[in-house]
Amino acid sequence: MWMKETNRREFMRISAMAATSFALGCKTPRQESHVETLAKRNLGDYPVVIIGAGLGGLASGVYLARAGFPVTIIEQHSVPGGYATAFRRGNYNFEVSLHSFNLPPAIFRELGLEERLERVWLKQMRRIITPNNDLLLPDADPEAYLDLICNTYPHEKEGITEYLGDCFKIYEEMKRISKNGDDISLYNKLFFPFLYPNMNRVRNKTLSDLFDSYVKDTEVRGILGHLCDGFGLPPSKLSGLYYTFITAGFQSNPCSYIKARSQDLSNALADIVRENNGEVILGTPAEQILTKGDKVSGVRTSDGRTFPARFVISNVNAPDTFGRFLSSNNVASRYLEKLSKYRPSISSFIVWLGLKGELRGKIPGCSISVTPEPDMEKNYIYYQKCNADNSPFHVTLYDNYYKGYSKPGTSTLTLMTLSGYEPWRRFEKDYFSGEKTQYYLQKNLITKKLIERLKNTLIPDLSNRIEVMASATPLTNFRFTRNPEGAIYGYPYSIDNFSTDRVPNSTPVNGLFLAGGWGKYSGSYPGAIMGGRNAFNLVLNEL
């Protein structure tokens, strides 16, 4: 009994420290040095061209433009944002991808977004429905979360407590690295195990390896690992170190949503670039990254224009960056061969529904995961096959986010399941030639199955409510983003692509850097923004 109570006290002490660390967001000594360097340079002599106006490209553009660099962002689509966007169908304004995010307040301030955007802080955010339980997870309350999971699964109480306690210890260590400006290359230093013992203990373990040390019950592992879908990997392939960090972050800090839609975030970032003398060119695909000798010299667009650059930041996928855009560059070709060992992440199948009647407050939860099979490894196989009969699916009830999300008398929601690309590859040739008959048959079949499952689980009268319906497949994702296989997370945090092995935002091509989910950070909203921030710092390092 004493040991269990001691574990609980330690759990709460560490979680409180971790939450405080997250909120500080202090500048590191290295960043202060960069600021001093900028003051000594004529930054007008260092034009930067950014390819892709996803969040990573937009964020790097904001940092650079506000610092005084001449910035040009080139985007193939007619609106900025990439996946951070929305679209209209009839009377409904649908969110494309944002469910929630928790970007550190300091980064929000750095970008100049505080006065421009309203963030809605979400309550009763996550709900998980399993064959045996229906859990509404507490928001940013580690002790309540611990109590709920332990009371639901008392036979695994000790392991659950130890696991979550270790998550917060790791979280504290990782935030300390960030706050102190330490380089992750400390992994290679002999003293790292002594400075960061908890991180060192798990750094080479998958999430499945970690669970083996704490809990055995398959459903408990599924509950503790319910965030895996947000990274596109099963526990047997996902970095345990990264997942524990994210787990503690979600339990410590409230999630938010951008009011009214994520497109407002993208538009605000693009506006800040323009207001600081930068240029955002839409509807114009980039065609080639130009080099002179061993260094980038500019970007050529599909309409024949050339934009000179001392630095180029690519927010498009890494295979296209080093293949299509640098096809005649030997250094890039060799690097592309090195990257070929990494696989793009899984894709998604999404259904958007505009409904008659107001659902706000009538169904608990904002983001609801329905998981018939508790074994996450089996679920990943279902995902790869786009098995709409057995895959978990996720329901986002946007009207529970805030009053007025939809027009009076209506409701807006999305249905989402992860999907591999292989089930859709057979339609690829016809799809891009305009022959979509068989493709539409398959898409409509999966849409119908997911709607039927939602009807049987949460909304019995769903069929009578539907006014507007739209859906998207991995081929849709590929068409709009050009991400290989419609990837939604870039390169995922697999055990072989994390920490010192993670693809960096720096590249072997002089003056070229990556932003977004194909480099150091994952393809999430915070990850893309932090990737753009990191690309900005890499430009400063070059100076």
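The values are calculated or read from the model by the stated rules, or taken from the named source; none is laboratory data. Please read all numbers here as calculations on a predicted model, not as lab measurements. Positions of Cβ are generated from backbone atoms using ideal geometry, with glycine treated the same way; all protein chains shown enter the neighbour counts. Surface accessibility is based on the protein's heavy atoms, side chains included, excluding ligands, DNA and RNA. Shrake-Rupley method; radii C 1.70, N 1.55, O 1.52, S 1.80 Å.
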Would you point out the residue of the range 491-543, among those that are of a type in the set (A, V, I, L, M) and open to solvent by 20 Å² or more (accessible area, probe 1.4 Å), that is nearest to ARG310 (Cα to Cα)? LEU543
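Yes or no, residue by residue, for (1) part of a strand (DSSP E or B); (2) modelled with pLDDT under 95; (3) out of contact with any Pro (no Cβ under 6 Å at 6 or more places or on another chain):
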{"site": "SER345", "(1), (2), (3)": "no, no, no"}
{"site": "VAL351", "(1), (2), (3)": "yes, no, yes"}
{"site": "GLY354", "(1), (2), (3)": "yes, no, yes"}
{"site": "GLY365", "(1), (2), (3)": "no, no, yes"}
{"site": "ILE381", "(1), (2), (3)": "no, no, yes"}
{"site": "HIS394", "(1), (2), (3)": "yes, no, yes"}
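So which helices (runs of 4 or more DSSP H) are wholly in the range 87-202 and hold at least 2 residues that are surrounded by 19 or more Cβ atoms within 10 Å (Cβ to Cβ) and touching a strand residue (DSSP E or B) at 6+ places or on another chain (Cβ under 9 Å)?
none
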Only one of these conditions is not met by ARG479: (1) within 21 Å of SER97 (Cβ to Cβ); (2) among the charged types (D, E, K, R); (3) not in a helix (DSSP H, G or I). Which number is it? (3)
Checked ALA248, ALA270 against criteria (among the aliphatic types (A, V, I, L, M), open to solvent by less than 10 Å² (accessible area, probe 1.4 Å) and out of contact with any Cys (no Cβ under 9 Å at 6 or more places or on another chain)); the one match is ALA270
Can you find, within the range 428-459, the residue that is surrounded by the most Cβ atoms within 10 Å (Cβ to Cβ) among those that are closer than 14 Å to ALA472 by Cα and hydroxyl-bearing (Ser, Thr, Tyr)? THR447
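Suppose we keep only residues that are of a type outside the set (A, V, I, L, M, F, W, C) and closer than 26 Å to GLY44 by Cβ within the range 311-330. Which one would you say is least open to solvent (accessible area, probe 1.4 Å)?
Here is the first cut: in the range 311-330, the ones of a type outside the set (A, V, I, L, M, F, W, C) are 314-315, 317, 319-321, 323-324, 327-330.
Narrowing further to those that are closer than 26 Å to GLY44 by Cβ: 314-315.
Details: SER314: 0, ASN315: 30 Å².
Once the filter is applied, the top-ranked residue is SER314.
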Cβ pairs under 6 Å, 6+ apart, first in the range 276-290 and more than 15 Å from VAL49 (Cβ to Cβ), second among the small types (Gly, Ala, Ser) and open to solvent by less than 50 Å² (accessible area, probe 1.4 Å): ASN276/ALA65
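Taking the range 69-86 on its own, how many of its residues are among the aliphatic types (A, V, I, L, M) and open to solvent by 20 Å² or more (accessible area, probe 1.4 Å)? Write out each step before concluding.
Within the range 69-86, the first condition is being among the aliphatic types (A, V, I, L, M), and the residues that meet it are 71, 73-74, 79, 84, 86.
After this cut, where a residue has to be open to solvent by 20 Å² or more (accessible area, probe 1.4 Å) as well, the list is 79, 86.
Summing the residues that are among the aliphatic types (A, V, I, L, M) and open to solvent by 20 Å² or more (accessible area, probe 1.4 Å) in the range 69-86 gives 2.
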Qualifying position, being touching a residue at least 40 places away in the same chain (Cβ under 8 Å), more than 14 Å from CYS167 (Cβ to Cβ) and under 18 Å from the mean Cα position of the chain (by Cα), among GLY249, GLY222, GLY230: GLY230
Among the residues of the range 203-224, the number that are assigned to a helix (DSSP H, G or I) and either open to solvent by 10 Å² or more (accessible area, probe 1.4 Å) or of a type in the set (Lys, Arg) (or both) is 9
Find all pairs meeting these conditions: Cβ atoms under 6 angstrom apart; at least six residues apart or on different chains; first residue within the range 443-468 and among the hydrophobic types (A, V, I, L, M, F, W, C); second residue open to solvent by 40 Å² or more (accessible area, probe 1.4 Å) and in a helix (DSSP H, G or I). LEU462/LYS455
Which residue out of ILE160, ILE128 is of a type in the set (A, V, I, L, M, F, W, C), over 30 Å from ASN267 (Cβ atoms) and in contact with a Ser or Thr (Cβ under 6 Å, 6 or more places away or on another chain)? ILE128
